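Comments concern the structure below.
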């Protein structure tokens, strides 16, 4: 019997987690044929098929389920060893956040830097879920708290509100706005999957957008340029000073922003300092995040 190959096992696990050959191969930087060949080699080591190749995708066999459960335990153990053997405090703290929350952070990055001397904050704007347990980021800011591998420390930051905004050039008289005729910027998410998108469509009516811009910073920029009215987070939209609010969204659609950390990393002074600075920032901006007022900028003393 050939020796166990941890590399083949990791490729097998990646294919299972990705749900298909192509996506796993892209993540691993391999060709689909290579990923398939390595999984076949792993199955040969196991002595029987671990995946069923079906028309609707891949499915683990009964033994494949047991092997995958063991691989997950091995991966968690490896992550724990890496965290336990860190010999010095991390000087770079990575924050993964949605694009809208990234806008909030970057507008106040000077204040965050002043509150965390000696620490470099790396901002990773992304809608994809980066794993905290696997050290893809130290801190995550999310609009919901999905299940995650490992043990997490969670902290509610603030409530975030969106509203409909437009450039003054598009609406010379904000008191007289016909939402059913003004051009608007759409979102790529279907209304069936987003209450906010459904609310936007209820405001603008059954008509196509002038453009579909799912990225918040790009949509903010296009709205400022007068391309169309847009649904935007209140804080960055009003902080721009170049937009007017023309319609509100029901408060029932407000979302809470959460800060998440892996409990092992939360003990690191640098990570703890950045997390506290972020929490204080959101506390100071809580009214602005609801579109109720904009507080004066925080002075950094520089």
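The values are calculated or read from the model by the stated rules, or taken from the named source; none is laboratory data. Quick caveat: nothing in here was measured; it's all calculated off a predicted structure. When we count neighbours, we look across all protein chains shown, and the Cβ atoms used for this are built from the backbone with ideal geometry, even at glycine.
Just to be sure, is residue 79 closer than 30 Å to residue 187 by Cα and modelled with pLDDT under 85? So residue 79 fails the test. In summary, residue 223 fulfils each of the numbered conditions (1) at pLDDT 95 or above; (2) more than 20 Å from residue 177 (Cβ to Cβ) with the single exception of condition (2). Filtered by the rule that a residue be over 27 Å from residue 194 (Cα atoms) and crowded, with 16+ Cβ neighbours inside 10 Å, segment 258-271 gives 262, 264, 265, 266, 268, 270, 271.
Scanning segment 82-100 for residues that are at pLDDT 85 or above, surrounded by 13 or more Cβ atoms within 10 Å (Cβ to Cβ) and under 16 Å from residue 138 (Cα atoms) yields 93, 94, 95, 96, 97, 98. When residue 165 is tested against the conditions (1) assigned to a loop (DSSP other than H, G, I, E, B); (2) surrounded by 15 or more Cβ atoms within 10 Å (Cβ to Cβ); (3) touching a helix residue (DSSP H, G or I) at 6+ places or on another chain (Cβ under 7 Å), the lone failure is (1). Taking each residue of segment 200-211 that is within 19 Å of residue 254 (Cβ to Cβ) and looking for partners that are surrounded by fewer than 18 Cβ atoms within 10 Å (Cβ to Cβ) and modelled with pLDDT of 90 or more with beta-carbon atoms closer than 6 Å, six or more apart or interchain, yields 203/179; 203/247. Restricting 231, 235 to residues that are over 30 Å from residue 69 (Cβ atoms), in contact with a helix residue (DSSP H, G or I) (Cβ under 7 Å, 6 or more places away or on another chain) and in a helix (DSSP H, G or I) narrows the list to 235. Within segment 245-257, the residues that satisfy the criterion of being surrounded by fewer than 18 Cβ atoms within 10 Å (Cβ to Cβ) and touching a residue at least 40 places away in the same chain (Cβ under 8 Å) are 245, 247, 248, 250, 251, 253, 254, 255, 256.
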